[in-house]
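The block underneath contains the structure these notes are about, expressed in structure tokens.
The values are calculated or read from the model by the stated rules, or taken from the named source; none is laboratory data. All of these numbers come straight from a predicted model, not from anything done at the bench. Neighbour counts run over all protein chains shown; Cβ positions are idealised from the backbone, glycine included.
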Amino acid sequence: MTGTGRETRAAEVKEFLSTRRARITPEQAGLPVYGGNRRVAGLRREEVALLAGMSVDYYVRLERGNLSGASDAVLESLAHALQLNEAERAHLYDLARAATPSGHRPAVTASRVRPTILRTLDAMAGVPAYVRNGRFDVLAANALGRALYAPVFDSPLFAQRGPVNSARFLFLDPAGRDFWPDWDRAAGDSVAFLRTETGRAPHDKALTDLIGELTTKSDEFARRWARHDVKFHRSGVKHLRHPLVGELALPYEALELPADPGLRLYVYTPEPDSREHEALGLLASWAGTGTTVSARDD
């Protein structure tokens, strides 16, 4: 890793640990508070060290970005002291692996969607489905998936560049605020997902370029990026406002594709007899039938 790369990773560790420390009060950590003149709202470094069962000097070393050689026991103690959730704990481990060259193998993200996955998308004709990587590039979608995300696919942002990227649409196309009714939540989640991906794939240049672009062009993105929030994207309810069928609340599942590192299959499955189910039927009629084509081949 180059000097610049090491400095970048150290800064990432420092900001992540310091922002997690700042959000926890002594009361939340079960620590006594003596006096009323605290210069920090959250925990002090020495308090984190106490909770984690390590020396203050060692914790300061960790927060300065030096996670190299930190054992699993140390990371677990730190995660417990900082009250990290599952996604944050996984991110801490990713940062530690990136800081230990001998133990870190750069994550590789598949760049194409295999024909068997394309056929699987075609077979899921009754529900919207698409394949996306951790950079929010939509690499393939079935006909109903394209119809559901028509505002994204039709964005002028992607007229001369590809692939279609929902994070770029969210932050750089004004139509994004219409498509996501709860834009603030969608924006916060998207940034947290991207931050998680930087831990998984720290050497992904396309990811670094995307984050640089969004940070430069969108103050909203930059403000959220500075929070260092992380989150898993596994399941939930997606709230969309489609120009043809109105607002939708669609349950979804994000399924990892083990044979295609970094790719996930997203499937939307509304309740039977729901308004969303009827709306998707209308969208299917509007879209007609078609064969799924990888977005990179369009």
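Points worth noting:
- Pairs meeting the criteria (first residue in region 259-275 and farther than 22 Å from Glu197 by Cα, second residue surrounded by 15 or more Cβ atoms within 10 Å (Cβ to Cβ) and of a type in the set (Phe, Trp, Tyr), beta carbons under 6 Å, at least 6 apart or on different chains) are Tyr268/Tyr252.
- Matching option when the condition is aliphatic (A, V, I, L, M), outside any loop (DSSP other than H, G, I, E, B) and farther than 27 Å from Arg20 by Cα, among Val113, Val74, Val131, Val127: Val131
- Candidate set from region 227-255 (those that are under 28 Å from Glu88 (Cβ atoms) and of a type in the set (Val, Ile, Thr)); member that is nearest to the chain's Cα centre (by Cα): Val230
- Here Gly162 meets each of (1) in a loop (DSSP other than H, G, I, E, B); (2) closer than 22 Å to Ala254 by Cα with one exception, condition (2).
- The requirement of being in a helix (DSSP H, G or I), out of contact with any strand residue (DSSP E or B) (no Cβ under 8 Å at 6 or more places or on another chain), surrounded by 15 or more Cβ atoms within 10 Å (Cβ to Cβ) and in contact (Cβ under 8 Å) with a residue 40 or more places away in the chain is not satisfied by Arg61.
- Number of residues in region 186-218 that are of a type in the set (D, E, K, R), within 20 Å of Val13 (Cα to Cα) and part of a helix (DSSP H, G or I): the value is 5.
- Screening Thr120 with (1) of a type in the set (Ser, Thr, Tyr); (2) touching a residue at least 40 places away in the same chain (Cβ under 8 Å); (3) closer than 30 Å to Glu12 by Cβ gives one miss only, at (3).
- Residue within region 172-190 that is under 30 Å from Glu271 (Cα atoms), in contact with a Ser or Thr (Cβ under 7 Å, 6 or more places away or on another chain) and at pLDDT 95 or above present: yes
- Boolean, Ala167 is under 22 Å from Ser111 (Cα atoms) and either of a type in the set (Phe, Trp, Tyr) or at pLDDT below 95 (or both): no
- Among the residues listed as Leu172, Leu194, Leu148, Leu207, the single one being in contact with a strand residue (DSSP E or B) (Cβ under 8 Å, 6 or more places away or on another chain), at negative phi and of a type in the set (A, V, I, L, M): Leu148
- Considering (1) without any contact (Cβ under 8 Å) to a residue 40 or more places away in the chain; (2) surrounded by fewer than 21 Cβ atoms within 10 Å (Cβ to Cβ); (3) touching a helix residue (DSSP H, G or I) at 6+ places or on another chain (Cβ under 9 Å), the lone condition that Gln160 does not fulfil carries the number (3).
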